[in-house]
């Protein structure tokens, strides 16, 4: 036993056939843990708590299950499992759903591809033909896409993602109002029910510098009509730094002013709060949005374009000594509370605002990092002006947290569905692609291409097989019924019958299915070309004797 432990700590170079055997087993362990969660009639996976205290965590989301599996004991198996885990988590961060579909397709492609390579096939040529087949599939899927419009249609798509009808109905209404880019905050509810709140205009985190700026001692929010905005990230340390800006604002006839600054000293605040100055011009000061410099600067830039003002940046050496009237932004209404501030009806140049939003949207199509995509999406949502808060309720605090995560995952997938459209659900769109792959197979001129097409025919069927098996139906019988029913038909496992998926309101987000195909095919095709594994030295573990 001690010798095996020591070998586990030693660097190793592993060759075939151990590579394929180990990776295949590790991939199987992880995918088989996710497989039961596919479909509306699915099972759950129990994950033991890391501290081994309390009841296990019950999960039905493939990405979260993969995330919880952090290491397998066997090192070759662990590399296979961690390879798939990374692919699924990145897909989850990008489109929010579809990880179970990608997982079962990945496993089918890898298992069948390995069988072909071990029998004498060429891994690199097989990889190329698999990737070519994936492009054919993506082209077929693009031809089936229909736009997603109206709250009922959005709610139906949401239900196929979350299998929670009340949550799906609420999200359908919300996204029908705020649109693809609208800001949606998902918070723990104040009751057992779902509640929503719509917020006019746009808002940022920030918060008032002093409660004395409220007009009444018990007030929690100050409202300003036709308020000018002075936008900066400056640290105002001395009262005299404020005086030129206040004089300019007073000469312009402003009665109120929204001031954004990183910090204001007690002495400077005292000047703003004196009765004569407040009667002359009522200044409400708030902190700038966000915490990191990049996000804060982007938000200030957006504010300037939205309101038609200028940003005074500390890094550029700006001060408030030479503020001109045209440097103030203008709003129809503004508000500030203890945690946020908002703008309603910014009076910036509409053409400049449209161009700015167009640039951000173009940037969104180019970025791949999930955090960058989220940041751009939030910026666009704020500029467009749709904001909502969803309060998620349930019977217990753990159930609230679980439902919140489900709502977030569904919301991410819905954004993609609104942007890229929807496909017939229940694996039907993937089954419909088999015809194109069969034609490609019939026209193939070499063994590797025919093998790749045959593998893809099985992979396209894998999600439907899994869905039927999870729901307890006879897989071969129902697949035959689907085939006889024709184009657009699939199996509605809730009603237990073959149905026209579009007529039954069963859809999948096109972005999710496309991402699942790309992730599964490219990931598995690359894995099939791995011939050598190199294990690094593991740190020694403490062994206790009794």
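Filtered by the rule that a residue be out of contact with any strand residue (DSSP E or B) (no Cβ under 6 Å at 6 or more places or on another chain) and touching a residue at least 40 places away in the same chain (Cβ under 8 Å), segment 422-434 gives 424, 427, 430, 431, 432, 433.
Residues in segment 154-170 that are over 12 Å from residue 413 (Cβ atoms) and in contact (Cβ under 8 Å) with a residue 60 or more places away in the chain: 156, 163, 164, 167, 170. Within the set 353, 360, the sole residue that is within 21 Å of residue 290 (Cα to Cα) and not assigned by TED's automatic domain parsing to the domain that holds residue 258 turns out to be 360.
Residues that are touching a helix residue (DSSP H, G or I) at 6+ places or on another chain (Cβ under 8 Å), closer than 23 Å to residue 383 by Cα and crowded, with 17+ Cβ neighbours inside 10 Å were ranked within segment 177-201; the one that is modelled with the highest pLDDT is 186.
Which residue, of 101, 94, is within 29 Å of residue 403 (Cβ to Cβ) and at pLDDT 90 or above? Reasoning before the result, please.
Values: 94 fails: at pLDDT 90 or above.
Being within 29 Å of residue 403 (Cβ to Cβ) and at pLDDT 90 or above holds for just one of 101, 94, which is 101.
Of the residues making up segment 78-86, at least one is in contact with a strand residue (DSSP E or B) (Cβ under 8 Å, 6 or more places away or on another chain) and in the same structural domain as residue 126 (by TED's automatic domain parsing).
If the condition is being under 26 Å from residue 91 (Cα atoms) and touching a residue at least 40 places away in the same chain (Cβ under 8 Å), then segment 372-386 contributes 373, 375, 377, 378, 379, 380, 381, 382. Each residue in segment 48-67 was checked for being touching a strand residue (DSSP E or B) at 6+ places or on another chain (Cβ under 6 Å) and buried (at least 16 other Cβ atoms within 10 Å of the Cβ), and 3 of them qualify.
The values are calculated or read from the model by the stated rules, or taken from the named source; none is laboratory data. Predicted, not measured: the structure shown is a model, and the values here were computed from it. Cβ coordinates were reconstructed from backbone atoms using ideal geometry, including for glycine residues, and neighbour counts include every protein chain displayed.
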